[in-house]
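Taking it in order: structure first as structure tokens, then the write-up.
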Number of protein chains: 2
Amino acid sequence: MPSITEERILDAARRVLCVNAGATVDEIAAEAQVGRATVFRLFKSRAGLLRTLGRRAILVTDQVAAEAAATAATATEALKAVITAVLGASEHYRFLGTAVELSEDEEITRAYDRQLSELADLVAAARREGSIRPDLPTAWVVAVIDGQLWATGAAVAKGAVGLLQAQELIWGTIMTGISAGKAIGYTNGE
Amino acid sequence: MPSITEERILDAARRVLCVNAGATVDEIAAEAQVGRATVFRLFKSRAGLLRTLGRRAILVTDQVAAEAAATAATATEALKAVITAVLGASEHYRFLGTAVELSEDEEITRAYDRQLSELADLVAAARREGSIRPDLPTAWVVAVIDGQLWATGAAVAKGAVGLLQAQELIWGTIMTGISAGKAIGYTNGE
DNA sequence: CTTATATGAGATGATATTGTATCATGCCAT
DNA sequence: ATGGCATGATACAATATCATCTCATATAAG
């Protein structure tokens, strides 16, 4: 059972690591308004803290995505719901983008690959429903969605757009782009 | 005038830092097949090497973007050309995404902000030409383009798609999305 | 052949961070 | 009040990395 202090440290670590991926235990403890010794007492080591944080990120994202998918009747709706929901949870995983140590952690990378694989399945299902351009490689579509999630998550964190606005815009942007043209079809726009 | 050795070190640093943002001078020197002392001789310090690398990235990106823009007759064409060209140069700046130390470097962050600002100007000009959805905030459009560049650059580096294919797909994806629908208009797809 | 220069290997000192241990303090329950 | 417990501050050792220095070697120019 995670204590209040534990939660405060985890939250602080998330915040600090987003800004400074190489943050020391000192800085994390300071952000959490907690002594450095407490961090080492509750988490075995810095790596342990990072690992806990990484597992949390994966759990939260999985859960949010699963809940979102459960509400949808079609794969396309599920895709939209998942994208919107995951964007809402970006604060929980955003630090992973720059967390060097975790990019070498087997468990984390495997979980991330699994999530991308599940996303690919969802994309494939939506494609079968006829809502995804058939000429685009699935890997490309997945990269686009993943990239859009990271980018708009960062934009929200920076304050460039609000989270609610981003959640309203992201699906439309991914699906129909930013073009003002209404019937562009499959050309590359040239 | 940068020596051959200098170039080898810079190239090696780019490669290593993409994989491991916290790479030590030892690792960089090893990748460059060069003694560690040589790195310190040619660049004053690790920070100096990083700064040189960062400046290089900005210079190359600026130059590539300027050349691309020069070939275009309209802002929309310029936007397309710039996006395609910058994607092609992603290997030169990709390490910046995880380079912790440089995210605190005034010169680098200012330059990056300037580039985003220039991109915003280009987007605004394209919008005046009627090619960008008028209801989308410019900040959002810029975030989308920036995110797409980072994401597809990463996908190319990972080998998920080829560079040429990515360069063919990115403009179409940004402009008209991944939807199979031909006349979706401005709704959010619900 | 000799000299100058660049290099690689390694020693060395300085510094920062991790992780452990100790001790005093404040708080809570009994 | 008092005993137990979590905490914060601090000291400490261990380690890693940076940065400098020295020296031997190789390579090219004269």
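Just a few scattered comments:
- The Cα-based radius of gyration and maximum Cα-Cα distance (Dmax) for segment A:54-176 are 14.1, 41 Å.
- With contributions of -39500 (n - 2.57) from each DSSP H run of at least four residues, the per-residue ellipticity at 222 nm computed over chain B stands at -22500 deg cm²/dmol.
- Segment A:52-99 and segment B:33-70 have Cα centres lying 37 Å from one another.
- Proximal charge balance of B:Ala125 [Cβ under 14 Å; K/R count +1, D/E count -1]: -1
- In a simple Cβ point-charge model (Lys, Arg +1; Asp, Glu -1; nothing else charged), segment A:37-88 has a dipole of about 520 debye relative to its Cα centre.
- Residues with amide H under 5 Å from that of A:Val161, placed H, sequence gap 5 or more: A:Val156
- Counting, for every residue in B:152-160, the Cβ atoms of other protein chains within 10 Å of its Cβ and taking the mean gives 3.
- Here the protein assembly as shown is treated with +1 on each Lys and Arg Cβ and -1 on each Asp and Glu Cβ, and its dipole about the Cα centre works out to around 240 debye.
- Across segment A:11-17, rounded Karplus estimates of 3J(HN,Hα) from the backbone phi angles (6.51 cos²θ - 1.76 cosθ + 1.60, θ = phi - 60°) give 4, 4, 4, 4, 4, 5, 5 Hz, Gly and Pro being marked x.
- Filter on A:Lys80/B:Lys80; A:Lys44/B:Lys158; A:Lys80/B:Lys158; A:Lys44/B:Lys44 - keep pairs with C-alpha separation over 31 Å: A:Lys44/B:Lys158; A:Lys44/B:Lys44
- Using θ = phi - 60° in the Karplus curve 6.51 cos²θ - 1.76 cosθ + 1.60, the 3J(HN,Hα) couplings for segment A:83-88 round to 4, 4, 5, 5, 4, x Hz; x is entered for Gly and Pro.
- Placing a label point 7 Å from Cα along the Cα-to-Cβ axis, A:Glu106 is separated from the same position in the other copies by 4.7 nm, shortest listed first.
- Values of log10 I(q)/I(0), in the order q = 0.16, 0.26, 0.28 Å⁻¹, for segment A:1-43 under a Debye, Cα-only, solvent-free model: -0.33, -0.84, -0.95
- Teacher prompt: A:Thr84 distances to equivalent labels in other copies, 7 Å Cα→Cβ, nm: 3.6
- Of A:Gln115, A:Ile178, A:Gln165, farthest towards positive along the dipole that unit charges on Lys, Arg, Asp, Glu beta carbons give chain A: A:Gln165
- Point-to-point label distance, B:Asp135-A:Ala124, nm (Cα→Cβ direction, 7 Å offset): 3.5
- Segment B:41-151, dipole about Cα centre (Lys/Arg Cβ +1, Asp/Glu Cβ -1), debye to the nearest 20: 340
- Calculated log₁₀ intensity ratio I(q)/I(0) where the Debye formula runs over C-alpha points of the protein assembly as shown, q = 0.11 Å⁻¹: -0.83
- Per residue, the average separation of C-alpha pairs within less than 8 Å and at least 6 apart gives chain A a relative contact order of 19 percent.
- Label reach from A:Arg56 (point 7 Å along Cα→C-beta): in segment A:18-50, amide nitrogens under 11 Å belong to A:49-50.
Computed from the coordinates by the stated procedures, all read-outs in this text should not be read as laboratory data. Here the structure is a predicted model, which is why all the values come from computation and not from measurement. Neighbour counts are summed over all protein chains in view; Cβ atoms, including those assigned to glycine, are modelled from backbone coordinates with ideal geometry.
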